[in-house]
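Peer 1: What follows is a structure written as structure tokens; I'll ask about it next.
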Amino acid sequence: MHELAEHVAETLDIGPGTRVFEVDCGDGAFLLPLHQNGFIVGGTDLDPEAIRSAMAAMTDGVFQVAAATALDPAVPWHVVVCRSFAGAPDLDYMRGVLARMFAKATHAIAILDVPDQHRRSMLHALAEIGAHAIQIEDAAIDGGGPSNRFNAFARSAG
């Protein structure tokens, strides 16, 4: 997870002090290396036990039990990340979560490990919400070669 977090930070040109929020963060495994390097972290997940684990590992993090669809765009973060679109129930769900992520992010969003069959829909959804500097890349398998998945990065206008 450390390599993925480092890759996201490099791709989005962010460093210590940046506020990074993860949708469906689980136990915070993606956020932990960022936290250890001086990033301010937070996230939501439906699993209370996972949130308890994230809070125990990152006591100054901002975590809460909540669904991705309940993401509050009124509380801004620099970067909003989601690694759970592989389990999105449908395209409308994906569009709704993307719109909330984009409204919450003041710098950029990162959508990671998305199945290739959603590539076209993801591009359309990002264009619909007004994303800028959209970057799509093949996701690597454990640091190796390309897979049948991709990562998407988009900058906000702010």
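Peer 1: Conditions first: (1) surrounded by fewer than 17 Cβ atoms within 10 Å (Cβ to Cβ); (2) within 25 Å of ILE14 (Cα to Cα). ALA68 passes all but one, so which condition is the exception?
Peer 2: Evaluating ALA68 over (1) surrounded by fewer than 17 Cβ atoms within 10 Å (Cβ to Cβ); (2) within 25 Å of ILE14 (Cα to Cα) leaves (1) as the failure.
Peer 1: Can you tell me which residue among VAL23, VAL8, VAL81, VAL62 is among the aliphatic types (A, V, I, L, M) and over 22 Å from ILE134 (Cα atoms)?
Peer 2: Values: VAL23 fails: over 22 Å from ILE134 (Cα atoms); VAL8 fails: over 22 Å from ILE134 (Cα atoms); VAL81 fails: over 22 Å from ILE134 (Cα atoms).
One residue alone meets the criteria, VAL62.
Peer 1: Here is a list: ASP116, ASP138, ASP142. Which entry is closer than 20 Å to HIS7 by Cα and at pLDDT below 85? Break it down stepwise before answering.
Peer 2: On the way: ASP116 fails: at pLDDT below 85; ASP138 fails: at pLDDT below 85.
Among ASP116, ASP138, ASP142, only ASP142 is closer than 20 Å to HIS7 by Cα and at pLDDT below 85.
Peer 1: Pull up region 106-118, narrow it to residues that are in a strand (DSSP E or B) and without any contact (Cβ under 8 Å) to a residue 60 or more places away in the chain, then point me to the one that is nearest to TRP77 (Cα to Cα). Show your work before the answer.
Peer 2: Pass one, region 106-118, residues in a strand (DSSP E or B): 106-115.
Narrowing the set further to residues that are without any contact (Cβ under 8 Å) to a residue 60 or more places away in the chain leaves 106, 109, 111, 113-115.
Numbers: THR106: 6, ILE109: 10, ILE111: 15, ASP113: 21, VAL114: 22, PRO115: 26 Å.
Filtering region 106-118 for residues that are in a strand (DSSP E or B) and without any contact (Cβ under 8 Å) to a residue 60 or more places away in the chain, the one nearest to TRP77 (Cα to Cα) comes out as THR106.
Peer 1: Return the pairs, sorted by first residue and then second, in which the second residue is assigned to a helix (DSSP H, G or I), the first residue lies in region 89-104 and is touching a residue at least 60 places away in the same chain (Cβ under 8 Å), the beta carbons are less than 6 Å apart, and the residues are 6+ apart or on different chains.
Peer 2: So the pair list comes out as VAL97/ALA68.
Peer 1: Being crowded, with 18+ Cβ neighbours inside 10 Å, modelled with pLDDT under 95, in contact with a strand residue (DSSP E or B) (Cβ under 7 Å, 6 or more places away or on another chain) and not β-branched (Val, Ile, Thr) narrows it down to one of PHE85, PHE63, so name that one.
Peer 2: PHE85
Peer 1: For region 1-22, give me each residue that is surrounded by 14 or more Cβ atoms within 10 Å (Cβ to Cβ) and either part of a loop (DSSP other than H, G, I, E, B) or in contact with a Leu (Cβ under 6 Å, 6 or more places away or on another chain) (or both).
Peer 2: Answer for region 1-22, where residues must be surrounded by 14 or more Cβ atoms within 10 Å (Cβ to Cβ) and either part of a loop (DSSP other than H, G, I, E, B) or in contact with a Leu (Cβ under 6 Å, 6 or more places away or on another chain) (or both): ALA5, LEU12, ILE14, THR18, VAL20, GLU22.
Peer 1: Ok, one more. Could you please give the count of residues in region 119-135 that are assigned to a strand (DSSP E or B) and modelled with pLDDT of 90 or more? Show your work before the answer.
Peer 2: Here is the first cut: in region 119-135, the ones assigned to a strand (DSSP E or B) are 132-135.
Narrowing further to those that are modelled with pLDDT of 90 or more: 134-135.
Residues in region 119-135 being assigned to a strand (DSSP E or B) and modelled with pLDDT of 90 or more: 2 in total.
The values are calculated or read from the model by the stated rules, or taken from the named source; none is laboratory data. Because the structure is predicted, anything quoted here is derived from the model rather than measured. Neighbour counts are summed over all protein chains in view; Cβ atoms, including those assigned to glycine, are modelled from backbone coordinates with ideal geometry.
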